[in-house]
1. On a full-extension model of 0.36 nm per residue, what is the gain between Arg127 and Glu157, subtracting their alpha-carbon distance, rounded to one decimal in nm?
2. Okay, which of segment 137-172 sit inside 16 Å, backbone N to the point 7 Å along the Cα-Cβ direction of Glu57?
3. Return His104, His151 ranked ascending by Cβ neighbour count within 10 Å, so the fewest neighbours appear first.
4. How do Arg121, Arg89, Arg163 rank when sorted from fewest to most other Cβ atoms within 10 Å of their own Cβ?
Amino acid sequence: MNRFIPLFRAGAYRCPATALCRGLLLGLLFSGCQSPSGLTEDQIETLRNTGFYREGENWNIDLDGRILFGKNETALSEKNRATVARVVRTMKKTGIDHIVVEGHADSTGDSRYNQQLSLRRARAVAREIARNGLPYRNISIRGYGPGNPVHDNATREGRAQNRRVVLIVPME
């Protein structure tokens, strides 16, 4: 499947896996132990040990590493910063050089506001990822607003779980 993700610059679109594919192709030239997913067994093991799990063609960070936000907040807590730093260290160690950052919001309030809020959350995490050493140009950013809840928005606990950013290593 070939999806294009806007980089949120006027007119700039790019395949989210371009840099990753280039890196994986170079890796294929220099190592013969690639799995069908395009990652080496060492990369897969490291992702799993960091809390990522396979979902479709991508690797997503597990619940214990989810980056959550307070109501109407975009600032990262120290715990969130530590999670981001751990993920970036893992990526750099394994030669993975692209990530997708998906921002989400709960359903409280105006949906257009929540859409922008989710995008601001994703951008805040992307800046932290770049601050930890992954080039910003290798980070794709998406804001989904309240459109993809993981819990029921009818409860306070559910809304808290829906105010999140998810980190994805794409495998397209």
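1. Details: separation 30, 0.36 × 30 = 10.80 nm, distance 2.74 nm.
Full-extension gain reported as 8.1 nm.
2. Output list for this probe position: 168-172.
3. Numbers: His104 26, His151 14.
Fewest-to-most Cβ neighbours within 10 Å comes out as His151, His104.
4. Values: Arg121 27, Arg89 14, Arg163 23.
Ordered from fewest to most neighbouring Cβ atoms within 10 Å, Arg121, Arg89, Arg163 come out as Arg89, Arg163, Arg121.
No value in this document is a laboratory result; all are computed from the given coordinates. Treat the numbers as computed from the prediction; the structure is a model and nothing was measured. A quick note on method: Cβ atoms are made from the backbone with ideal geometry, for glycine too, and the neighbour counts reach across all protein chains shown.
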